[in-house]
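Asker: Mind having a look at this structure? Questions to follow.
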Amino acid sequence: MGMQAFLDIFDIYLLEAVINGILLGGVLALLALGLNLIFGVIDVTWICYAELVMIGMYAMYFMVQYYGVSYFVSAPLTILLVAVLGAALHYLVIAPLLTAPPINQLLATGGVLFVLQSFATVAFGIDFRNLGIRLPVLAFGDMNFSYARLLSFVAALVGMVAVYLFMTRTFTGTAIRAISQDRQIMALMGVDTKRIYLITSALGGALAGLAACLLVLQYDVHPFVGLSFGPITFLICVLGGLGNFIGGFIAAFLFAEIISLGGLFSDLEWGYVLAFAFFIVMMFIRPAGLLARRR
Amino acid sequence: MLEVSGLVKRFGGFTAVNNVSFRVDQGEILGLIGPNGSGKSTIFNMLSGTLAPTSGSILFAGYEIAGLAPHRIINGGIGRTFQIPRPFRRLSIFENVALAGFYGQGRHSRAKAEEAAERALAMVGLPTDRHASVDGLGAAGLKKLELAKALATSPKLLLADESLGGLDEAEMDQAADMLRNIRDELGITIIWVEHIMGVLMRVVDRVMVLDHGEKISEGLPSAVAGDPRVIEVYLGTDAETTQAAAAEARRRGRPMMLELRGVNAGYGTFQALFDVNLDVKAGEAVGVIGPNGAGKTTLMRVISGLIRPSRGSIKMEGVDVVATPAHKIVSLGIAHVPENRRLFPQLTVDDNLKMGAFMKDARGHYTERLEVVFDLFPRLKERRHQMAGTMSGGEQQMCAIGRAMMSNPKLLLLDEPSAGLAPVVVQQVFELVKRIRASGLTVLIVEQNVQQVLKVVDRAYLIEAGTIRASGTSAEMLASDTVKEAYLGV
Amino acid sequence: MRLRMAARLVRGLLVAISATGLAVSAHAQEKKIKIGVVFDLTGPLAGGGSELNYVGTKIILDHFAKSGVEGYKIEAVYADAQSKPDIAINESVRLLEQEKVDMVLGFFSSAQCVPVAARVEQLKKFMWMTTCISSAVFNEKGYKYVFRPQASGDQFGMMTMDFIAQNASAKLGKEPKDLRVAIIHEDGAYGVDVSKGNEAGAKKAGFNVVLKEGYSATAPDLSALVTKLKRAKPDVIFHTGYNPDITLLLRQAREQGLKFAALMGHGAGYGVYEKLKEGMGADATYIFNADPISIWLSNQKTMDPKLPPVIKMVGEEFDRIKPGVAIRSAHVGIGASNTYVFMSDVLPRAIKKYGGVDPDALRKAALDTDIPEGGTMLGFGVKFYGEGTPMAGQNERSFPVVIQYLDDKSHVVWPKSQAQREAVLPLPKGTTYSNQ
Amino acid sequence: MTGQGRLAAWGIGLAALVALPFVYRDPYHLHILVLILIWSFAYTSWSMMGRFGLVSLGHGGFMGIGAYVTALLWNHLGLSPWIGIPISMAAAGALAMIVGYPCFRFRITGHYFVLVTLALSGIVLQVITATRDYTGGSLGYTPNRATGNKLLALQFDDKITWYLIALAVWLFGIVVWHWVDRSMARYALEAISEDEDAAAAAGVDVTAEKLKITLLSALMTALAGAIYCQYQMFITPDTVSGIAVSLQMVFAAIVGGLFVSLGPTVGAIITILLAETLRIGFGTKAVGWDNLVYGVLLVLFIIFLPKGILGSLLDRLKPQRKVSRAHEQEAVQIARPGA
């Protein structure tokens, strides 16, 4: 690549890519939020987390497109539905495995991933469904930004703040934070850990539901939509430090920028290759997450 | 043979081992003693390579081994056992030892490894049957296995970490003899960490005493036992008489609060408590003293429901709580301040206190209780927005006690409130306990620090190897020879 | 609940195992041709048009099954390739070796055609490809038993380029060398093949190719590609893709303000107007698409007179199976027409002239095929390149057409001989993507 | 069973397996058998390290490298698979070392190890897709048909040859499994999987032992990938690499039983037969049901039969095993009192 060609990259489109990266980061941060909660508190990886989002997206699609329910009525219903799903997942699959090695929990949720995917295939078919809501576009000269993404970005922020307030201002929220630091003595505080886990799972589900409400504005829903986001969401959570919300938030933006800019310079996949490689290298440098001190 | 100089280990801001130097001669048995948290295990971990020292040098047979990878140190001729046996349960007993025989000596032939395993097993008196499972072993057997593993690496120096905890008297003597035999027959030099002084003092050639990461005494067993600094560490100095009379008065005519009858408890195959009977009356302060590993913490855990007793009854104000889950026992008025405080380090003081008031009934009185706790510990009010993990040890202990008091308990269980604290702070902590007592709360306190605890309690029990050995008023206990023997082995 | 599930599964397994075992012995002596049909009924390709091909094919096979052909009973065995090439291979092998079908027919995705053709040829069985277009299937391979009446991928790419080349100066007001074109494609056999045709066509026309890039059809985000397109400022974008990548690309293009004069699609995802409309609403209007002509749009005046009733029958059947579809996708017709050619022309000849339905008879019958233009529902004729030619097995008379979506209908705009109306080019001012 | 009896049983079983294709020639069933054997070998390779608690989701990557490097060398450089396969194995091994060494050195275990290796599979998949000019991208890749010597090209048209090759490779995997099982290395790895510190205190070089088994496992997995490629003569990034393939290995090994030599094989038989029969059984009538059943079974297995079908069966048959393995699924205790 010649020098001039190299310099040509630094134009308005680079800036646009940077900002689009930030907006993609909003989407990823939103996805990471709920997973991080589950990860941090129950110490379980829900491999099927993105599939919960997929189910939520279908719920939105059917309510809005099929039954004509308004978007703003459907959204809370969807969040509730996925919250119930999250609690059910914990009750049926995770709870019986709490004393098993963590790997088995991870793999069991992998089985749930198959179940949810094929359930969606059986129930909804393989068609790509689209909500049909087309939000306007925000334009600054040559740069354009999508409202749907801005909305996810804002929702990710609001979601974080809401979760933050819940976690700091309420007894239950404080217990959720405490349980991730010392699970064994929670009983001495009079805390029923089983109940807290169930609440946490429902909360994680609710956040997946929120993500679903926003993602459905940007992406078609189909049974395999979860695979597009699932793996990258896990990596973000780990990179940020399990259970570390701020870390997860920052990691989401780092990842999104790498993907966005990496794809700009070469084939799209190189963005992902770079992001994954970055993840592996960071694991060696900061195994406990971006914001953690070196062990 | 071993020459340690200026050894230091820091964990963050905490200095676990501070500038310790000593030497061990060929064929010697060196006893290493000191209260809980004095740095004994940390020294072992550095000698065996499990931890890298912050600074200092460890010369073994003339070579510097500080900071080497563990397997290289083991191959170089140092063998170690762990305080809590760590057998490989997926392997048979024989395989456990053969593994050590193979890798511990730099991977020679398999036949030689098996030979070494047979010898080591015979030495400690375990069956050499190749298929016997580890699961069949009791506490004593596991300790033996631990020793056999270390021996199979054919060490020149053996680091034996608390080989006796959890054993009965006969087993202890047997184990002590075994260590002697190992030295006498195999010529292996031994460093032995032990809490059961009586046995230790009989076997070792020399003793080194640690306290708060520093060496405070070294010499022949008889000399060390008489060293005033050592006695101070173990029993305290100012032997002022306790408020025995006052206690006696207080004790009379109070209703029974906590009543343990014939309690047995343990972990898996390991039994930690044998037929324990214990009473606490309302308004009383009762102490439980005893060396490390005697079952004190287990006792506390059984009362607060963290462990189910295998036999016996526990009654709180007449209600049997054996079948009650731990998180419900709290609402009966029992608050447990666990060993090592166990605060939520990443939560603020406020949040920690909030967790103490998690129960439904307590939430309603949250602000009132906060007042009470802040009145008792004004320092906590100053620190309320600080992360609990960043406070000093004494402040953390305040916070832990404060957290327990948030639930407005009737009975407070304190597990080793002085553990790991500097002497000055220990003093402060016991002042706190006095203040709590004065507020009328019933207290059951478990301590290693005999002198201090006997000053604040009315009555005490001595527990050793899971059995109550003696009980009486504070004054009686302080004068008791049984207590002295348990602590200093004299 | 779980137990009952398990019990049902065990029962299902037993039934399936015994069924596969019995199938071997139940190979009857009656005169019959068994046809294995492989399309994608699940996975992303199903929605991309494969399922519609299946429907079209099934309508024709059911139609012939009623009467039989030359005394032969028709039995079709359907299999789902699940949008995965390895499953397509497995299923084809299973149909041929286990179900003992006499031939396989169908195949939507070029990624499946390429390996399956190699495998079928290796087994010396007969294969009739109705849909996939990759030229890589035949290129210099010298297959003997693999035939395809469908146009090949590079023809698609050449056709759209030719269309723009012929209209560039008149409609876009630019000399070919000043016309900036971008070629983007999914990176499967299909996209790669079409893009090669695009590239060749662009070179021939002398266009300035400002961007050529492939991407994976399953990529979750294409905004970087859109940014690259914006930077390259193409007048015309030549795009080959499945769904949902098309919807995703066009949605992100809208959101990021990508402007151009025309968008040329090349079949697959662009052939399913319903999906485009659902994803893009009014923006689906004015999109161009190269595909075999929809059988409902083809010029019936120049067509063999026995075909229009068949077209009508297919349309009625389709409406019965999938009621309420605005534009009957060209995919239905592709499946139907290409199957019809086999059933009405090749198969009778094999039976009558070559005495049966074994692979060699079918092969000889296929090589004899000589249908003039207008002889199929898709308008084109059928004659296969013979042995020894680089594209042996490919229909030399097939061609795609360029259609444009206007007023929720598709209109043939190119080539001139089939054109039904004038193309709207460039995108009218005021439409979302218009650069005017 | 006595040692001799066991050997005899193996011998008879093997003879039967070798004789099978000469007696029973249904090509489709042979095809399924070949696939089962190749995947059994891949699953066995995975379980070499999986049984010691080293749960890797990176094996999709190793398999992909084995398949693609072999095919690329053949197509672009005309290098015979006989040379290409060792090279591809070496490449996979090198990658395993590059990722494994820091992982083990920095004690990245449990979830973290799973996720690092998951990223590794992701990288390999994306690299194969991104280098589409050479690898054909997501459309897949076909090794060129040999024009000359079929043996040199390792390309055979008849199923019996392939069946025998796959059988040999599978047997090789089982032999290696037993070889590791009987070696001191197994003791060391079992010890490491339970308690790394205690293993180190017994003199085990923890990092080196883990690296060795990882290397072995990666090499074997790459071989599986290469053989799969040579047999199918067609590979796509999704069928030989990526997270899905890695998960498939883990699931099959768990379903069959991780801790017994034939467990992964049983897992392959069950999962492949299940997938085939479900797909054929349900056919086009009810699409998607096969995966639904598959997923439900996986969850049930992990909850109720964590030792897998064969593992649980053997436990049932032999209640008095030499070493009780009841604790095998217990969590390794992490918290230890007092530092």
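Values quoted throughout were computed directly from the atomic coordinates according to the rules given, and no laboratory measurement underlies them. Since the structure is predicted, the reported quantities are computational estimates derived from the model, not experimental observations. No Cβ is skipped: glycine too gets one built from the backbone with ideal geometry, and neighbour counts run over all protein chains shown.
Asker: What does the average come to when, for each residue of peptide B:126-135, you count the partner chain Cβ atoms lying within 10 Å of its Cβ? Mind dumping the intermediate values first?
Answerer: Working: counts 0, 0, 0, 1, 1, 4, 2, 7, 3, 4.
Partner Cβ neighbours, averaged per residue: 2.
Asker: Still on this model: First check a/c for region D:129-196, with a ≥ b ≥ c the square roots of the eigenvalues of its C-alpha gyration tensor; if it is under 1.5, answer rounded, and if not, answer prolate when a/b is larger than b/c or oblate otherwise.
Answerer: On the way: a/c = 4.22, a/b = 1.66, b/c = 2.55.
Cα axes put region D:129-196 in the oblate bin.
Asker: Have a look at D:G263, D:G11, D:G61 and tell me which one the Gaussian network model of chain D (Cα, springs below 10 Å) gives the largest fluctuation.
Answerer: D:G11
Asker: Okay, moving on. So what's the back-of-envelope 222 nm ellipticity for chain A, counting only DSSP H runs of four-plus at -39500 (n - 2.57) apiece and dividing by all residues, rounded to 500? List each step's numbers first, then the result.
Answerer: Numbers: 11 runs with 204 residues, N = 295.
After summing the helix terms and dividing by residue count, I get -23500 deg cm²/dmol.
Asker: Using θ = phi - 60° and the Karplus curve 6.51 cos²θ - 1.76 cosθ + 1.60, what whole-Hz ³J(HN,Hα) does each residue of region B:361-377 get, with Gly and Pro shown as x?
Answerer: 5, 6, 4, x, 9, 3, 5, 4, 4, 4, 4, 4, 5, 5, 4, 6, 10
Asker: Per residue of region B:254-263, what does 6.51 cos²θ - 1.76 cosθ + 1.60 with θ = phi - 60° give for ³J(HN,Hα)? Whole Hz please, x for Gly and Pro, Karplus curve as stated.
Answerer: Taking θ as phi minus 60°, the curve returns 8, x, 6, 9, 10, 9, 9, 10, x, 7 Hz for region B:254-263.
Asker: What spacing in nm lies between the two simple spin-label points modelled at B:R254 and A:A162, each 7 Å away from Cα in the Cβ direction?
Answerer: Here the modelled spin labels are 5.2 nm apart.
Asker: Restricting to Cα pairs below 8 Å that are 6+ residues apart, what does the relative contact order work out to for chain A? Please round to a whole percent. Walk me through the numbers before you get to the answer.
Answerer: Numbers: 433 pairs, mean separation 101.5, N = 295.
Averaging sequence separation for qualifying contacts and normalising by length gives 34 percent for chain A.
Asker: Now, a different point. I want to make sure I understand the PRE zone here: with the label point 7 angstrom from the Cα of D:L152 toward its beta carbon, which residues in region D:75-118 have backbone N atoms less than 12 Å away?
Answerer: D:78-82
Asker: Measuring from centroid to centroid over Cα atoms, what is the spacing of region D:219-276 and region D:79-154 in Å?
Answerer: About 15 Å separates the Cα centre of region D:219-276 from the one of region D:79-154.
Asker: Compute a Gaussian network model of chain C, connecting alpha carbons closer than 10 Å, and tell me which residue from C:P323, C:P85, C:P234 fluctuates the most.
Answerer: Result for chain C, Cα springs under 10 Å: C:P323 fluctuates most.
Asker: Return the Cα extents of region B:244-488 along principal axes one, two and three, sorted largest first, each rounded to a whole Å.
Answerer: 46, 40, 39
Asker: Hey, what did chain B get for relative contact order, percent, Cα under 8 Å, at least 6 apart? Let's see the in-between values first.
Answerer: On the way: 1042 pairs, mean separation 75.0, N = 490.
It rounds to 15 percent for chain B.
Asker: Oh, and also: Going by a ≥ b ≥ c, the root eigenvalues of the Cα gyration tensor, does region A:165-295 fall in the rounded group (a/c under 1.5), the prolate group (a/b larger than b/c) or the oblate group? Could you put the intermediate results ahead of the total?
Answerer: Working: a/c = 2.89, a/b = 1.54, b/c = 1.87.
Oblate is the answer for region A:165-295, as a/c is 1.5 or above yet b/c matches or exceeds a/b.
Asker: Next question. Counting only residues 5 or more places away or on other chains, whose amide H sits under 5 Å from the amide H of C:V413 once H atoms are built in the peptide plane?
Answerer: Long-range HN contacts for C:V413: C:V402, C:I403, C:Q404, C:Q420.
Asker: For the pairs B:K143/B:K484; C:K66/C:K353; B:K328/B:K455; C:K84/C:K277; C:K306/C:K416, flag any whose C-alpha to C-alpha distance is greater than 29 Å. All intermediate terms of the calculation are to be shown ahead of the outcome.
Answerer: Details: B:K143/B:K484 27 Å; C:K66/C:K353 23 Å; B:K328/B:K455 33 Å; C:K84/C:K277 27 Å; C:K306/C:K416 25 Å.
Violating the 29 Å Cα-Cα cut-off are B:K328/B:K455.
Asker: Could you tell me the calculated FRET efficiency between D:A90 and C:T218, based on Cβ-Cβ distance and R0 = 30 angstrom, to the nearest 0.05? Don't skip to the answer; put the middle values down first.
Answerer: Details: r = 31 Å, r/R0 = 1.02.
Efficiency computed from Cβ-Cβ geometry: 0.45.
Asker: Restricting to DSSP H runs of at least four residues, report the calculated mean residue ellipticity at 222 nm for chain B, -39500 (n - 2.57) per run over all residues, nearest 500 deg cm²/dmol.
Answerer: Working: 21 runs with 193 residues, N = 490.
Helix contribution divided over all residues of chain B: -11000 deg cm²/dmol.
Asker: Now for a different question. For Cα pairs less than 8 Å apart in space and 6+ apart in sequence, what is the mean separation divided by the residue count of region B:2-235, i.e. the relative contact order in percent? Can you show the working numbers first?
Answerer: Values: 473 pairs, mean separation 60.6, N = 234.
Reported as a whole number, the value is 26 percent.
Asker: Another question about this same structure. Amide H of B:G31: which non-local residues (sequence gap of 5 or more, or other chain) have their own amide H closer than 5 Å, using H built in the peptide plane?
Answerer: B:W192, B:D205, B:R206, B:V207, B:M208
Asker: Between rounded, prolate and oblate, where does chain A land on the alpha carbon gyration tensor, with a ≥ b ≥ c its root eigenvalues, rounded for a/c under 1.5, else prolate if a/b exceeds b/c?
Answerer: On the way: a/c = 1.77, a/b = 1.27, b/c = 1.39.
In terms of gyration-tensor shape, oblate.
Asker: For the protein assembly as shown, just give the cysteines left without a disulfide-compatible partner, judged by no other Cys Cβ under 4.7 Å.
Answerer: Cys with no partner Cβ under 4.7 Å: A:C48, A:C213, A:C237, B:C399, D:C103, D:C229.
Asker: Among C:H185, B:H385, C:H266, what is the fewest-to-most ranking by other Cβ atoms within 10 Å? Provide the component values of the computation, followed by the final result.
Answerer: On the way: C:H185 25, B:H385 9, C:H266 31.
Fewest-to-most ranking of C:H185, B:H385, C:H266: B:H385, C:H185, C:H266.
Asker: Can you tell me which aspartates and glutamates have their Cα less than 16 Å from the Cα of C:K174? Leave out same-chain residues fewer than eight positions away.
Answerer: Cα-Cα hits under 16 Å: C:D162, C:D235.
Asker: I've got another one for you. Mind listing the long-range amide H neighbours of C:G267? Cut-off is under 5 Å, sequence gap 5 or more, other chains count too, H placed in the peptide plane at 1.01 Å from N.
Answerer: Amide H neighbours of C:G267, under 5 Å, 5+ apart: C:A290.
Asker: How do D:110-116, A:96-102 rank on mean C-beta neighbours within 10 Å, highest first? Let's see the in-between values first.
Answerer: Values: D:110-116: 21.9, A:96-102: 16.7.
Per-residue mean Cβ counts within 10 Å order the peptides as D:110-116, A:96-102.
Asker: Can you give the longest run of chain A that contains no chymotrypsin sites (Phe, Trp or Tyr not before Pro) sitting in a DSSP loop with at most 15 other Cβ atoms inside 10 Å?
Answerer: Working: sites that count: A:F10, A:Y67.
It runs A:68-295.
Asker: Now for a different question. Through the Karplus equation 6.51 cos²θ - 1.76 cosθ + 1.60, θ set to phi - 60°, convert the phi angles of region B:409-418 into ³J(HN,Hα) values in whole Hz; use x for Gly and Pro.
Answerer: x, 9, 10, 10, 9, 10, 9, 6, x, 8
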